[in-house]
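This report concerns only the one structure given below.
The values are calculated or read from the model by the stated rules, or taken from the named source; none is laboratory data. Computed from a prediction, not measured in an experiment: that's the story for all the values here. Positions of Cβ are generated from backbone atoms using ideal geometry, with glycine treated the same way; all protein chains shown enter the neighbour counts.
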Amino acid sequence: MKVKRIIPIIVCCIGLALPLYLAIIFSEKQWDPQIYSDVPIAERADDALAFAKKKGLSANYAIFVDYSIPSGTPRLFVWDFKAGKVVRKFHVMHGNGGGSTKQKPIFSNKIGSNCSLLGRFEVHKDKHGKKLKRSFRMSGYDSTNSNAFAKGIMVHRSTWVDIWSFKKYIPLHGPSCKGCITVGSSGMNYLEKLIKSEKKNLLLWSYCSKK
């Protein structure tokens, strides 16, 4: 008898929750990801290649992150120097420090700030996090990211990105991202293979193309 009473309650709850869930999805998706083009990346490609060669980094690929794009839209781009184009795009969230909101990241090079960083990085294929073994530590070349290695900034994965990437803005979540390049499962699967397959370390360049 108890089971018979519980089933209608469950069905009723689902019936009430489903419209709300669909409303959230459609309200969050009322923007066009196609407005974000590869132009800002193409404009940086020549400078990126010259810098990579100067620093002894890979001249095959580079990773770009445009933080001016909403986190619910793929904003990490893998650029193929030889093909002269973006070959893959992935979601990446930003840190929760410095008064950052899900709509607007605040950037800081300060150690302990939990903020994301802007600038040019070297992704170390042979240096990993202590707790996150499936990760790649990064060091910065610019004044805006010179403390990246000391801050423990890495490329790593979080299921938080997988869960919330349907929204226009991925909610901030300290345990998932304290300023690292935090991607979803598909992003990490691809980047891990790419980083390990290259003989030289990759250049990663993060920036804001729109103020």
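Brief remarks on what is shown
- The strands (runs of 3 or more DSSP E) falling completely within segment 69-155 include none with 3 or more residues that are touching an Asp or Glu at 6+ places or on another chain (Cβ under 6 Å) and of a type outside the set (D, E, K, R).
- Criterion (in the same structural domain as Y67 (by TED's automatic domain parsing), surrounded by 19 or more Cβ atoms within 10 Å (Cβ to Cβ), closer than 26 Å to A48 by Cβ and acidic (D, E)) met by exactly one of E192, E122, E198: E122
- Filtered by the rule that a residue be polar (S, T, N, Q) and part of a helix (DSSP H, G or I), segment 156-169 gives a lone residue, T159.
- Scanning segment 170-195 for residues that are part of a helix (DSSP H, G or I), closer than 13 Å to V155 by Cβ and not aromatic (F, W, Y) turns up G187, M188, N189, L191, E192, K193, L194, I195.
- Among the residues of segment 138-192, those that are β-branched (V, I, T) and within 18 Å of V65 (Cα to Cα) comprise T144, I153, V155, V161, I170, I181, T182, V183.
- Of the residues making up segment 196-209, not a single one is in a loop (DSSP other than H, G, I, E, B), touching a helix residue (DSSP H, G or I) at 6+ places or on another chain (Cβ under 8 Å), farther than 26 Å from A45 by Cβ and among the polar types (S, T, N, Q).
- With respect to the conditions (1) surrounded by fewer than 16 Cβ atoms within 10 Å (Cβ to Cβ); (2) closer than 22 Å to P74 by Cα; (3) at pLDDT 95 or above, C208 lacks only one, and its number is (3).
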